[in-house]
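**Student:** The structure is given below, and queries will be raised subsequently.
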Amino acid sequence: MSRIDVTDKDPFANADAEPRDNVSTIGFLTRLVLRFGFFRLIYFIIGLIISLFIAKYMGVDSLLIMARS
């Protein structure tokens, strides 16, 4: 069995390097809200469409129209 070839003798040589994606706290929170808010909106719209189709199929869409007025 051969030994593993380790070319980098100092594994902590780049420990002080700045991260590639230096995001501020506001930027992180904005990304978080936009990403998960977008997914939640998509799921809400899909659920709404499915619910309306089920209501129309069951014949309770007249109740939905009355609830809006």
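**Student:** If you check K56 against the conditions, is it of a type in the set (K, R), modelled with pLDDT under 90 and not in a helix (DSSP H, G or I)?
**Tutor:** Working: of a type in the set (K, R): yes; modelled with pLDDT under 90: yes; not in a helix (DSSP H, G or I): no.
No: the conditions fail for K56.
**Student:** For region 1-51, which residues satisfy the criterion of being modelled with pLDDT under 85 and either outside any loop (DSSP other than H, G, I, E, B) or charged (D, E, K, R) (or both)?
**Tutor:** R3, D5, D8, K9, D10, D16, E18, R20, D21
The values are calculated or read from the model by the stated rules, or taken from the named source; none is laboratory data. All values reported here derive from a predicted model rather than from experimental measurement.
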